[in-house]
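Read through the structure below, which is laid out as structure tokens, and then see the notes.
Every read-out reported here was derived from the displayed coordinates using simple, explicitly stated rules and does not represent laboratory data. In this text, all values refer to a predicted model and were calculated from it rather than measured experimentally. Here Cβ is always computed from backbone atoms with ideal geometry, including for glycine, and neighbour counts include all displayed protein chains.
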Amino acid sequence: MDRDTSTVARGRRRGPPLPVRAPHGRWRDTPPPSVAWVQARRSTERPPATEPARPSAGREPELLSWADLPADILGLVVGRLPRVDDRARLRSVCRAWRAAARVHGRPPSPLPLLVLSDFSFSAFCADGAMADVRRIPLPSREMAAGVRCVGSFHGWLVGVQLNKGRYFGDGRCFLMNAFYQDVVRLPPPSVNTHSLDAYSKSLPIANGSGAVQCTVNGAQYVMSFCKVVLSSSPDHDGKCIVAAVSVHRSTASLALWRPGMTSWCVCQGGCISKFSDIALYQGKVYMFSKVTTNLFVFDISEDESGLMVSGVERCVTELSEVRDSYGQRWNIVEWHGKLLLVVIYLGLEGWRNICKIGVFEVDLSTNPFRFTEINSLDGDCIFISPCSSNSFRACLYEGVEDDLIYFIDGGLNHSRNASPFDKFVYNMRDGTLAPFAVEITDDNLRAPDGNLMNPTWLFPCE
């Protein structure tokens, strides 16, 4: 507003404003003098210095508290924090901040976390870097030696404990909420009992050869889980399905469980022995074989014994050939309610010589399934690891580039002499590769005995 036309200024001034010297020797007009200043100048040429206000007797000066920060401002701050650990720090300041963070709207899902096998984690940052490695606290009963993480779903992690004797399989299995430490204990992966109500059946593979043998309440089975997937959070509606893949002494098994079952439904067969990846989608188990390059579909039914496989079908996979490619690696990812097949075409030097990365949308309505290559994720990114893969809505955050696929992969191999995991990011728009997660050293991905520890992506839903 122009000072000369201000109504307030005209009502207070009694002459031209007093000039004061501005920086650099120039002159400027001062703001209108206050009424108190004019009265003081009338009484004397030099008004007395203004003394600072003193608190009244018996009253302390009022101090502002961080807890008094308006809730709407806190809500805006939460919406600008893409990392779940930063949001947790904000909620831990005080009760007022925790209440404001929960009440004011629902911010976008936080960026993923990379959880290592020993339950340490590193946060994914907006610029693509990984934060310092920290540790997720475990409940006291789950802190035993030999506990490792083998899967995740939203805020839940899957943990197993290896028996003291490596050849005895896993001794315990549990689901744990990484942020609230709620624990759901599952049947042990390895048992040796005298069950009298065992139920077993053999299922021929439709459109293929061989059969799958499935047993519920088996008298004995020994499993060591390497990847576990969930259909939903275990606290959602009580209908969560857990599918686990075990590789123990060169024998592969598929294990199924739902709440209420006291034993695993254990399935074995040739199509399971050489799996590449597994996914739970629309109540079915999808498993890709790295030997036959076929996709196997397991239909699941329920009866008084719990979950049981009711049918197995082989679906022929016909993908385009890539020149100079001598091997492939497949990952199954759910994206916008669809199944995607991410294929890495390997050259003679394996992971050090990648010929191409293809992303194919699977059309399940045709027989055989149809695979259509896509070149965009419509604002999303894909995160792939040995124990968990998923898509993420990247365009909701500033500085997070979309149409990228982040790989921390190298196969589900626990051997001491296995190669370290390859960590790279693939840009679907221009087909380029770049290093990724260089902050996570090979030492972070190995157990004290030198064996590899498979990491898993955790996608918090808060």
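Report the Cα centroid-to-centroid distance between region 201-241 and region 262-278 in angstrom, as an integer.
What the calculation gives is 6 Å, centre to centre.
Among the trypsin sites (Lys or Arg not before Pro) within region 315-394, which fall in a DSSP loop and have no more than 12 other Cβ atoms within 10 Å of their own Cβ?
For trypsin sites (Lys or Arg not before Pro) across region 315-394 that sit outside H, G, I, E and B with at most 12 neighbouring Cβ atoms in 10 Å, the list reads 323.
Based on the Cβ-Cβ distance from residue 293 to residue 439, what FRET efficiency comes out when R0 is 56 Å, to the nearest 0.05?
0.95
Which chymotrypsin sites (Phe, Trp or Tyr not before Pro) does region 180-224 hold that lie in a coil by DSSP with at most 11 other beta carbons within 10 Å?
180
Just subtract the alpha-carbon distance of residue 164 and residue 129 from 0.36 nm times their residue separation and send over the number in nm, one decimal.
8.9 nm
Under the classification rounded if a/c is under 1.5, otherwise prolate if a/b is larger than b/c and oblate if not, where does region 182-244 fall, given a ≥ b ≥ c as square roots of the Cα gyration tensor eigenvalues?
oblate
For a 31 Å ceiling on Cα separation, which of these pairs sit above it: 164/284; 201/227; 274/356; 227/338; 201/239; 290/423?
164/284
Once you put a point 7 Å from the Cα of residue 336 and another 7 Å from the Cα of residue 316, both along the Cβ direction, what distance in nm separates them?
Going from the residue 336 label point to the residue 316 one covers 3.0 nm.
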